[in-house]
Amino acid sequence: MILISTLTLVFVLDVCVCDSELGAPGWREPLDCVRASELCNQNSQCSSRYRIMRQCLSGGDKERSAMLASKECQGALEVLQDSPLYDCRCKRGMKKELQCLQNYWSIHMGLTEGEEFYETSPYEPIHFSEEFRHASIISDSSLSKMSPCSEAGKPCNPCLDAAKACNLNETCKRLRSAYNSICSKATPPQPSVANQEPCSRKRCQKALRQFFERVSWELSYPLLFCSCPDQACAERRRRTIVPSCSHQERHKPSCLELRRTCRSDALCRSRLADFHMNCQMTSHTVTSCPHDNYHGCLMSYVGLLGSDVTPNYSDSSPSNITISLWCTCRATGSQEPECEAFHRDFTHNTCLKNAIQSFGYGSEGGTLLVTEPSSTFLPPAQPPIISKPAPS
Amino acid sequence: LYFPQNEYIETVYVGQPAGTPILQVHAMLDSNSERPHFYLCWTSNLRRPPYSSWFSLDIHTGILSLNKTLEESDFTLQYQKSWSVKKLFLQALVLQDFTKKSQCSGRNPIRITLDFVNATMPQCAQTDMKELCFPHRDTSNPHIMENRFPGALRQLRRLTRLNVCPNYTISYNVESETPAPFAVNENTTELVVTAPLDREESERYRLLLVCSVRTETVITKVETSLDVFVNDEDDNSPYMNGTDTADIIISFNRTMGGSFGNLFVFDRDLTPIFPIAQSHNRYDGTLLNSDPWIKNTFDIKDTFSEKKAARGGIRETVHNYKLVLKRNLYVTENRTLQLDYLVNDTTYPGLEGTVVLHFNVTILPIHIQFSNVTHMFTLTRRASVYAQVGRVCVENCQQFDGFSVTYRLEVPDKNVSADMQSCYTAVSITQAPDEMWGLLYVNDTEALRRPECQDLQYLVVAQEEPTKQEASTQIHIILDSEANKANPVNQQFLSCAVNRRRADCESARGLGATTGRCQWRQGSEKGISEKYSTCSPDLRTCPDSFCDAVESKDTSICPQDCTKGSVVGGHERGLRNGIQAGYGTCYCYTEKCFCEKEDIEEAICDD
Amino acid sequence: RRPKPCSLRELELTVSELGLGYDSDETVLLRYCSGKCTAHRHNYDITMEHMMRSGFRQKGRKDKVSNGPCCRPTAFEKDFSFLDNKSRYHTIQNVSAKNCGC
Amino acid sequence: RRPKPCSLRELELTVSELGLGYDSDETVLLRYCSGKCTAHRHNYDITMEHMMRSGFRQKGRKDKVSNGPCCRPTAFEKDFSFLDNKSRYHTIQNVSAKNCGC
């Protein structure tokens, strides 16, 4: 299903105009889900329904849909649809972010029917920031004072300049060294452990998340989205997240398995929903990004780094940017189309590609906007062809 | 009954009159007797969205249409914060028979998303042909279950644009490069599958939908492609392609978990690895032998993979069966047996859903013996303590797995004089936990230097665990240089690795030095390299990135292979420990190693 | 001009220029200690200076001693990781001084 | 001959021979620190050595740095009193090392 987010804030689910004990509906500024659940818990009727709702959602998929059909769960749903919990949101990097996300999913899993292809992001929409557009224009020039690119005759490697800018900043250098040393430390082989992973992946992914959460994007994005004139630079860019540990694993899972694992974790599920929301190819925008908001797409892409669904450049070709996940669609039976559609949102995403290129090349680079027709749920094999009018 | 498509998207405009058809949902039959009944359904019956009354779904045709004319006020009622387009979400069900309870929960509804635009429908002049012919953005591609009944799967006509250009005639036809059982019902403009499909024949049909728009003067053709996918059903039984019997010989490798043999069972159906709980094309197997020894000793492991068949590239499943040991086998085990294994495609409805595999297993006993060669080793009396003399190994020891062999030295002639007895402390034997060979090394240099200790003859005894089987052989260690030439007794040996220059190195007597003197390795490469310069007790075994059984007795023997301490200067660590590569010269003190370019003056504070 | 006291200094250079053998064009900010420690000398240092000039020789000693406190790092910066020119990661410790002392 | 590591050494000499300017024939046991600290060096020291040789010059710097830990007293012996040749008492501090370190 393709959700075009033509709104800055999307109500996905049915909204009711009926009276509710928690105050007349009307338009209300969405609270964060931590505050919303506190408010609900202060109201006896709401808190009891909220507890019922959590029981309705415990247990596997099969029991959940049967439970949701029950009267008690339906009743709980009624009340909760009018509570602040119903349209609460979360902010990236907020205090108690994980708790906020858990609260959000604890109610939204009940309101959706089965597994949706695209889920609504719990995060507040990312507004296109002027300073980001400005930064992406100067991303080349601001580094030019220190960047060898501007010195004639010197080999130009914007990714090396990005590393330099990071190394000259205490926080960036410290946190980059932190994730680097964890991710590139090979775990010594233990013959007794079968299928042993080459590194401690969970610790590596956590350190990687901390790097992108604590280092300002002016220093971290250039490491990821620098533009590359040659293969060595592109290989440096590909290695930024130490993919051998954070992205790859010994056994390549099915992409749907990757998505299922991700959606069983509140943080990963939220970041994936956010990526789908902000990087989803939208046909009627110039950049093929929702609201032409590159920053939103890049920010939600970076939000996935260090999660179970960690994307990365799939090769070190300097010009042709291809992003992929470490997964396969082999042996997914009749779900192969859905599996491929899920992976194509990374491998054939013109919005993501344009966003990366526009950040790296800045405006002087004359970003080559790729305006492929929007991908349907599954991309049409060919775009509609207008043939010449037949002679009448 | 099932929906070939679980997602529909369309646009509705202010001013569209009641009765306007919007789109048509379709259901396919699972059995000929089924009749679809379509219903709109709601997440909760008590609180339906305000727009729930604006639409109705025809119970028989599945056509969704407007119950009322859409007004400007309807748009503002919907208080989603948007100015141009608001989203209306509907869900629909298909049931076998009538129902009053139209609740979505637990019934796998399809989703209908309508973009409600705050403007009137574009007139004929503003509507291009593409908009007229096909939905704005086609939603999901249809999936049709194989072996089912023909029927309509999609409405090609854009119902909302039926009357936009009244004097146009719009017709459709469907084309395909390869023969495809699809047609267009000219009366209803529905795309119809005309015959049951066979996924094993074709998994996907790439259709070309051609829309012809005829006006008085011109015919315009607009094309778009549509992929129709065929869902799989377990309608094929397992088959063997080649032998159903594997002849297996178990000899050296007798370890728990060891796998032997390969038998392949094919199935033209798919076996999805995801979702895990999927019961489609599920195989299980049963060991047909009742002998408890076989049941406690062997298991059969089945791994399946997907492969594309040569003809047409259609995906199919290949099961690979291996015999697996559930426990270590004793070396004395000596037996032949035939093991039969019934493979069953549990979800295949037919009778021939099983095949039987046969494993003819021969277990050979292992004899622990030394090759009947006299093991000769030469050793200089000047050798330092821990100098490696050589290694001993029973026959085929490198291939052993599942049992262990330990080695010990014995004096062959028990009634030799007390003096001679003390000579035998000169050499000792050791072994790493996961290695199958023994390493001989110098244990007592004082004994090595005594003139009366001439040629040393030892008996090496190898004992197998757990059966305690033993074998022994004679080894002869020839001491080459005269006793008096050897260096003075109770010589204090340091680590060769401390020396940073060739001269110091080659004049030093280091631990483990086989010749008595340390050996210098001169590196030649620029930058960090595996061939760094260093001082070693024996360049054959150190550095070789492997901390062997003798070297691990004392880190000072070969810190280059064994150090776990910090390394200063440009270097790369070995996988477990030691220095894999270094810059310039690598040298080590007890707690720290250094790798740096030579020409070092001594550090003096000169300010 | 009064000699500058022992203090932390900074210099931007590439990892290759550190002289550790790594081949990497990544730039790093090297912090090191330099300057005089004359204000921290004791009687011992005056004696050592005298002994190095003549005292030791008269006593037939060839020992070398440091004739004054050295300006040295009292702490080092944590690990520093970088990507070399073959796109391999390395992490090195104790390269850059964090603060200095005599 | 392997370089001796940094350690405490001893030397008997008169107070006058300390070079502090006192004139007294009393004998004192002077303890001082000497020997190699190579085993205590860090990446920093290897880099400083490299910089002193060529790195600083290439960057236009004339800084002098110690390219390795110095063998220094880590504690001094308490006061030492003596009678000079004019029979006057003097007490001096921090002349003799108590223990050494790099």
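The values are calculated or read from the model by the stated rules, or taken from the named source; none is laboratory data. Not measured: the values here are computed from a predicted model. No Cβ is skipped: glycine too gets one built from the backbone with ideal geometry, and neighbour counts run over all protein chains shown.
For region C:18-35, indicate whether the set of residues that are farther than 30 Å from A:ALA162 by Cα, of a type outside the set (Asp, Glu) and touching a Pro at 6+ places or on another chain (Cβ under 9 Å) is non-empty. Yes, region C:18-35 contains at least one residue that is farther than 30 Å from A:ALA162 by Cα, of a type outside the set (Asp, Glu) and touching a Pro at 6+ places or on another chain (Cβ under 9 Å). A single entry from A:SER192, A:SER184, A:SER200, A:SER177 fulfils the requirement of being modelled with pLDDT under 75 and of a type in the set (Gly, Ala, Ser): A:SER192.
B:GLY584: within 13 Å of chain C (Cβ to nearest Cβ) and either under 30 Å from C:CYS70 (Cβ atoms) or modelled with pLDDT of 95 or more (or both), yes or no? Spelling it out, B:GLY584 is indeed within 13 Å of chain C (Cβ to nearest Cβ) and either under 30 Å from C:CYS70 (Cβ atoms) or modelled with pLDDT of 95 or more (or both). Consider B:SER202 carefully, then state whether it is more than 9 Å from chain A (Cβ to nearest Cβ) and either more than 30 Å from B:PRO365 (Cα to Cα) or outside any loop (DSSP other than H, G, I, E, B) (or both). Taking the combined requirement at face value, the residue satisfies it.
Any idea how many residues of region B:303-323 are touching a residue at least 24 places away in the same chain (Cβ under 8 Å) and not in a loop (DSSP other than H, G, I, E, B)?
Residues that pass the stated criteria total 11.
Residues satisfying the criterion are present in region D:50-60 (criterion: part of a loop (DSSP other than H, G, I, E, B) and modelled with pLDDT of 85 or more).
When restricted to residues that are at pLDDT 50 or above, farther than 22 Å from A:CYS159 by Cα and charged (D, E, K, R), region A:331-390 contains 5. Per the listing B:THR224, B:THR243, B:THR271, B:THR188, the residue uniquely under 47 Å from the mean Cα position of the chain (by Cα), assigned to a loop (DSSP other than H, G, I, E, B) and in contact (Cβ under 8 Å) with a residue 24 or more places away in the chain is B:THR271. If the condition is being part of a helix (DSSP H, G or I), more than 12 Å from every other protein chain (Cβ to nearest Cβ) and over 10 Å from A:LEU160 (Cα atoms), then region A:217-235 contributes A:TRP217, A:GLU218, A:LEU219, A:SER220, A:TYR221, A:LEU224, A:PHE225.
Yes/no per residue for (1) farther than 30 Å from A:ALA234 by Cα; (2) at pLDDT below 90:
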{"position": "C:SER7", "(1), (2)": "yes, no"}
{"position": "C:GLY21", "(1), (2)": "no, no"}
{"position": "C:ALA39", "(1), (2)": "yes, yes"}
{"position": "C:LYS64", "(1), (2)": "yes, yes"}
{"position": "C:ASN67", "(1), (2)": "yes, yes"}
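Could you please let me know if B:GLY523 is part of a loop (DSSP other than H, G, I, E, B), of a type outside the set (S, T, N, Q), within 13 Å of chain C (Cβ to nearest Cβ) and touching a strand residue (DSSP E or B) at 6+ places or on another chain (Cβ under 6 Å)? When the stated conditions are applied, B:GLY523 passes them.
The residue of region D:76-98 that is nearest to the other protein chains (Cβ to nearest Cβ), among those that are outside any loop (DSSP other than H, G, I, E, B) and more than 15 Å from C:ASN43 (Cα to Cα), is D:PHE82.
Screening the candidates C:SER34, C:SER7, C:SER24 for the property of being buried (at least 20 other Cβ atoms within 10 Å of the Cβ) and touching a Cys at 6+ places or on another chain (Cβ under 7 Å) yields one hit, C:SER34. Of the numbered criteria (1) at pLDDT 90 or above; (2) part of a strand (DSSP E or B); (3) not basic (Lys, Arg), the one B:ASN147 fails is (2). Selection over region B:293-302 of residues that are assigned to a strand (DSSP E or B) and either touching a residue at least 60 places away in the same chain (Cβ under 8 Å) or among the β-branched types (Val, Ile, Thr) (or both) gives a count of 2.
Just one of (1) part of a loop (DSSP other than H, G, I, E, B); (2) within 14 Å of chain C (Cβ to nearest Cβ); (3) of a type in the set (S, T, N, Q) fails for B:SER556. It is (2). Within this structure, B:ILE110 fails the test of being within 26 Å of A:GLY333 (Cβ to Cβ), hydrophobic (A, V, I, L, M, F, W, C), in contact with a Pro (Cβ under 9 Å, 6 or more places away or on another chain) and modelled with pLDDT of 85 or more. Answer yes if at least one residue in region C:40-62 is under 30 Å from B:ARG573 (Cβ atoms), at the interface with another protein chain (Cβ under 7 Å from one of its Cβ atoms) and touching a Leu at 6+ places or on another chain (Cβ under 9 Å), and no otherwise. Scanning region C:40-62 turns up no residue that is under 30 Å from B:ARG573 (Cβ atoms), at the interface with another protein chain (Cβ under 7 Å from one of its Cβ atoms) and touching a Leu at 6+ places or on another chain (Cβ under 9 Å). If you go through region D:36-49 and pick out every residue that is among the polar types (S, T, N, Q) and either in a loop (DSSP other than H, G, I, E, B) or over 27 Å from D:ASN99 (Cα atoms) (or both), you end up with 1. Here region B:422-440 is the region considered, the condition is being in contact with a helix residue (DSSP H, G or I) (Cβ under 8 Å, 6 or more places away or on another chain) and among the hydroxyl-bearing types (Ser, Thr, Tyr), and the residue that is surrounded by the fewest Cβ atoms within 10 Å (Cβ to Cβ) is B:THR425. What tally of residues in region D:73-102 results from selecting those that are under 14 Å from D:TYR32 (Cα atoms) and in contact (Cβ under 8 Å) with a residue 40 or more places away in the chain? Total meeting the criteria: 10. Candidates B:THR220, B:THR255, B:THR243: the one that is closer than 18 Å to B:VAL355 by Cα and modelled with pLDDT of 90 or more is B:THR243. Only a single criterion out of (1) polar (S, T, N, Q); (2) surrounded by fewer than 15 Cβ atoms within 10 Å (Cβ to Cβ); (3) in contact (Cβ under 8 Å) with a residue 24 or more places away in the chain; (4) under 24 Å from C:LEU20 (Cα atoms) is not satisfied by D:GLN58, namely (3). Just one residue in the set B:VAL343, B:VAL318, B:VAL356, B:VAL361 is of a type outside the set (D, E, K, R) and within 26 Å of B:ASP401 (Cα to Cα); that residue is B:VAL361. Only residues that are crowded, with 20+ Cβ neighbours inside 10 Å, in contact with a strand residue (DSSP E or B) (Cβ under 8 Å, 6 or more places away or on another chain) and β-branched (Val, Ile, Thr) were counted in region B:526-556, giving 3.
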